[in-house]
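**Q** A single structure is presented below for examination.
The values are calculated or read from the model by the stated rules, or taken from the named source; none is laboratory data. Since this is a predicted model, take the numbers as computed values, not measurements. Cβ atoms come from the backbone with ideal geometry, glycine included; neighbour counts cover every protein chain shown.
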Amino acid sequence: MSTGTDAKSAVEAVWRIEAARVIAGVARLVGDVGLAEELAQDALVAALEQWPSEGVPRNPGAWLTTTAKRRAIDTIRRRQVLQRHLPALAVDEHTDASEFDAVLEQDPIEDDLLRLIFTACHPVLKPEARVALTLRMLGGLSTDEIARAFLVPDATVGQRISRAKKSLADAKVPFELPTGPARAERLSSVLEVIYLIFNEGYSATAGDDWMRPALCEEAMRLGRILAGLMPAEAEVHGLIALLEIQASRSAARCGPDGEPVMLLEQDRRRWDRLLVGRGLAALARAEELGGGTYTLQAAIAACHARARTAEETDWARIAELYARLAALAPSPIVELNRAVAVSMADGPEAGLAVLDPLLEEPSLRGYHLLPSVRGDFLFRLGRHAEARAEFERAAAMTRNERERTLLLTRAEACV
């Protein structure tokens, strides 16, 4: 492999790891995450130009940060607003970058990262915009990588990111950590974005793949960063517990040809016990701190993780946890999941009693898992013709090819 190729690979690897820190450090100076990303990208281009001939620096992350910061100085000088940003420094074209760096070191980089997370996930943005901006700025993913992950055109992702930056600028969202009620609202948004990223990786909405592991990994990485930055927040630990316990099943969720394998049919020997252990430890910490909806969901996942076989699953406990979750954060999806737990604890007839009222729920009319679950209950009751119709209805609704194949196979088994 050529030196140039080695250097390019090094740049890409370093960028994926350091992008968020570089952008966060610069954003505090310029007060604009969009401009900060542009300056960080300029530093990336400089690395691609210089490292192949000059070699990879000893501390490549620091090199990128320093280069981006110096470009920030130039930008501030050109805009003649240095005095407003750094009133303690003389506004002079000969201002030395080392003085600027001294100001930078007043706050730890962890604070900058936290500011960046809260800014990228600001509630002023639509959920899909928060996801795209978070993956771009905190994950270091390119526009085409995000587009491939969510099966949308590059242009769509590019527009979402551009509009998100403009929305933040138009709303004059400050690059700062919110406090009080605003912090709780923003933290909820941050956790929601990380959860959305994980869910899209865990059960792909559309396309030929049942899972997209890279998105799961990215969500867990962001969750771990957040847990390290906010160790006293119960729901941060609750979320990472949920993600790690769920992710522990990844290797068992697909068959040899990539086909889906349902939870009760999985080979539990293939579950990642390290991730299970980490998830259970995070759950214990979340419960110690109080916890909330993510902690309850993690506790449900833990019931499965602790069962050595499907038959040992404590479905009564799961049904109880879903009832608590429904009381805390009622939603049709929670009620659908509660119906599944009730059916396993008390039989499919009891499950139908919980599920059938959801048939009139407008938000679930196009949700394929509603007829899929109902089909399962009916099949277990021996009502095969009705079950077949439900599985076929679910297959027509899903946009994931693997899931459609599974549902049609279940329909054919209804004889």
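**Q** Among (1) crowded, with 21+ Cβ neighbours inside 10 Å; (2) more than 22 Å from C254 (Cα to Cα), where does F391 come up short?
**A** F391 satisfies every listed condition except (2).
**Q** Before we move on, is E349 assigned to a helix (DSSP H, G or I), within 22 Å of C303 (Cα to Cα) and among the acidic types (D, E)? First the steps, then the outcome.
**A** Values: assigned to a helix (DSSP H, G or I): yes; within 22 Å of C303 (Cα to Cα): no; among the acidic types (D, E): yes.
So E349 does not fit the description; no.
**Q** On to the next question. Go through the stretch 366-408 and give me each residue that's modelled with pLDDT under 95 and of a type in the set (S, T, Y).
**A** Y367, T398, T405
**Q** Residue check, V33 against (1) among the hydrophobic types (A, V, I, L, M, F, W, C); (2) at pLDDT below 85; (3) closer than 30 Å to G180 by Cα, all met but one. Which one?
**A** With respect to (1) among the hydrophobic types (A, V, I, L, M, F, W, C); (2) at pLDDT below 85; (3) closer than 30 Å to G180 by Cα, V33 is out only on (2).
**Q** Out of P181, P174, which single residue is exposed (fewer than 14 other Cβ atoms within 10 Å of the Cβ), out of contact with any strand residue (DSSP E or B) (no Cβ under 8 Å at 6 or more places or on another chain) and in contact (Cβ under 8 Å) with a residue 12 or more places away in the chain? Write out each step before concluding.
**A** Numbers: P181 fails: in contact (Cβ under 8 Å) with a residue 12 or more places away in the chain.
Being exposed (fewer than 14 other Cβ atoms within 10 Å of the Cβ), out of contact with any strand residue (DSSP E or B) (no Cβ under 8 Å at 6 or more places or on another chain) and in contact (Cβ under 8 Å) with a residue 12 or more places away in the chain holds for just one of P181, P174, which is P174.
**Q** Exactly one condition in (1) modelled with pLDDT under 95; (2) closer than 20 Å to T313 by Cβ is false for A339; which is it?
**A** (1)
**Q** Also: Being among the basic types (K, R), free of Cβ contacts under 8 Å to residues at least 60 places away in the same chain, out of contact with any strand residue (DSSP E or B) (no Cβ under 6 Å at 6 or more places or on another chain) and not assigned by TED's automatic domain parsing to the domain that holds L274 is the requirement here; does R317 meet it?
**A** Values: among the basic types (K, R): yes; free of Cβ contacts under 8 Å to residues at least 60 places away in the same chain: yes; out of contact with any strand residue (DSSP E or B) (no Cβ under 6 Å at 6 or more places or on another chain): yes; not assigned by TED's automatic domain parsing to the domain that holds L274: no.
When the stated conditions are applied, R317 does not pass them.
**Q** Still on this structure: List every residue pair whose Cβ atoms lie under 6 Å apart, where the two residues are 6 or more positions apart in sequence or sit on different chains, the first residue falls within the stretch 33-54 and is without any contact (Cβ under 8 Å) to a residue 24 or more places away in the chain, and the second residue, located anywhere, is buried (at least 17 other Cβ atoms within 10 Å of the Cβ) and not aliphatic (A, V, I, L, M).
**A** These pairs meet every condition: A46/T67.
**Q** Restricting to the stretch 393-415, name every residue that is of a type outside the set (G, A, S) and under 12 Å from V373 (Cα atoms).
**A** Initially, the stretch 393-415 is screened for residues of a type outside the set (G, A, S), giving 393, 397-410, 412, 414-415.
Those that are of a type outside the set (G, A, S) and under 12 Å from V373 (Cα atoms): R393, L407, R410.
**Q** Sticking with this structure for a sec: Being at pLDDT 85 or above, of a type outside the set (K, R) and either surrounded by fewer than 17 Cβ atoms within 10 Å (Cβ to Cβ) or not in a helix (DSSP H, G or I) (or both) narrows it down to one of V103, V124, V131, so name that one. Even if it seems obvious, please write down each step before you answer.
**A** On the way: V103 fails: at pLDDT 85 or above; V131 fails: either surrounded by fewer than 17 Cβ atoms within 10 Å (Cβ to Cβ) or not in a helix (DSSP H, G or I) (or both).
Matching residue, one of V103, V124, V131: V124.
**Q** Take the stretch 352-386 and flag every residue that is in a loop (DSSP other than H, G, I, E, B) and either closer than 24 Å to L408 by Cα or among the β-branched types (V, I, T) (or both).
**A** Going residue by residue through the stretch 352-386, those that are in a loop (DSSP other than H, G, I, E, B) are 361, 365-368, 381-383.
Hits for the stretch 352-386 are R365, G366, Y367, H368, L381, G382, R383.
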